[in-house]
Amino acid sequence: MKDRPIYSSIFTEVRYTESMHFQPTEEQNLILSSVKDFCRTHIAPLSKSYDSSGEFPWPQLRNLAQMGLLGATVPEEWGGAGLDSVTYALCLEEIAKADASVAVIVSVQNGLPEQMILQHGTSEQKEKYLKPLARGEKIGAFCLTEAGAGSDPSSLAMRATKDGTDWLLEGQKVWITSGGQADLYLTMARTGGAGARGVSCFVVEKGTPGLSFGKPEEKMGLHAAHTTTVQFDRVRVPDTARV
């Protein structure tokens, strides 16, 4: 079989070859079979009703947590399932087939809050925040996007000001998945000068004074995956919350 182009432009060309064929391993097939059966039984039948009502899918998430899928790629030592990225992506595909809203929540949980703490957090932060996230005991949100900056970290306006041993966070984030439902908010705020290097990340716990949420956005779909604004009015966090 000859190579043939699948995408080309004046700049580049990507070609299909036999070597690009993917075949799951026996272990991956066993995991996928279990996930597929679970999604057919416990997620797909509820998808329509949750999308119609806009109710956050807590029961589905708790069941996925028992399977280790809310901390799929987190190492077992930190409470996760320790899956490789390919296996996780295949599992997420099965979840999305059953309910795209649930898949969005799971993908944010695995891809942003957990990975930020796993890669950049201290041992204490991993113990306090990562373990309950990976075990599915807590849901995480990632607060980056702003109305005037989009998702460009170098243009963020929200600030965190040092006050003794604490930080005061002031500003607003928009289009935050799981806003108002999540337990932990990984929040990007400016602590230094202009540009991306002047930005730091803080873990803000739900219930912290000054933290509030807008109503879920009226989207065309994915209604069970709540998307809201998150408001920070002089939200005080300790220095130990800075990732």
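The values are calculated or read from the model by the stated rules, or taken from the named source; none is laboratory data. Everything numeric in this text was worked out from a predicted model, so none of it was measured. With ideal geometry, Cβ positions are generated from the backbone for all residues, glycine too; neighbour counts draw on all protein chains shown.
Structure summary
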{"read-out": "Residues of the stretch 165-213 satisfying the condition of being in a strand (DSSP E or B), at positive phi and small (Gly, Ala, Ser)", "value": "Gly171"}
{"read-out": "Matching residues in the stretch 206-230 - criterion: being free of Cβ contacts under 8 Å to residues at least 60 places away in the same chain and either crowded, with 17+ Cβ neighbours inside 10 Å or touching a strand residue (DSSP E or B) at 6+ places or on another chain (Cβ under 6 Å) (or both)", "value": "Thr208, Gly210, Leu211, Ser212, Phe213, Gly214, Glu217, Thr227, Thr228, Thr229"}
{"read-out": "Test: Ser52 is exposed (fewer than 12 other Cβ atoms within 10 Å of the Cβ), modelled with pLDDT of 95 or more and out of contact with any Lys or Arg (no Cβ under 7 Å at 6 or more places or on another chain)", "value": "yes"}
{"read-out": "Residue within the stretch 165-180 that is under 24 Å from Pro59 (Cα atoms), outside the structural domain of Ala103 (by TED's automatic domain parsing) and polar (S, T, N, Q) present", "value": "yes"}
{"read-out": "Residue among Val35, Val14 that is modelled with pLDDT of 95 or more and β-branched (Val, Ile, Thr)", "value": "Val35"}
{"read-out": "Positions within the stretch 70-98 being within 21 Å of Thr41 (Cα to Cα) and either surrounded by fewer than 20 Cβ atoms within 10 Å (Cβ to Cβ) or of a type outside the set (Gly, Ala, Ser) (or both), in sequence order", "value": "Leu70, Thr87, Tyr88, Ala89, Leu90, Cys91, Leu92, Glu93, Glu94, Ile95, Ala96, Lys97"}
{"read-out": "For Pro57: the one exception among (1) closer than 26 Å to Thr25 by Cα; (2) under 17 Å from the mean Cα position of the chain (by Cα)", "value": "(1)"}
{"read-out": "In the stretch 115-134, residue surrounded by the fewest Cβ atoms within 10 Å (Cβ to Cβ) [restricted to those that are charged (D, E, K, R) and over 15 Å from Cys201 (Cα atoms)]", "value": "Glu124"}
{"read-out": "Members of the stretch 220-243 that are farther than 13 Å from Ala189 by Cβ and of a type in the set (Gly, Ala, Ser)", "value": "Gly221, Ala224, Ala225"}
{"read-out": "Residue that is farthest from Met158 (Cα to Cα), among those in the stretch 99-114 that are surrounded by fewer than 22 Cβ atoms within 10 Å (Cβ to Cβ) and in contact (Cβ under 8 Å) with a residue 24 or more places away in the chain", "value": "Ala100"}
{"read-out": "Condition met for Glu137 (surrounded by fewer than 18 Cβ atoms within 10 Å (Cβ to Cβ) and outside any strand (DSSP E or B))", "value": "yes"}
{"read-out": "Any hit, the stretch 105-119, residues being under 16 Å from the mean Cα position of the chain (by Cα) and among the acidic types (Asp, Glu)", "value": "yes"}
{"read-out": "Qualifying residues in the stretch 128-150 (those that are touching a residue at least 40 places away in the same chain (Cβ under 8 Å) and hydrophobic (A, V, I, L, M, F, W, C)) - the one farthest from Ser212 (Cα to Cα)", "value": "Ala134"}
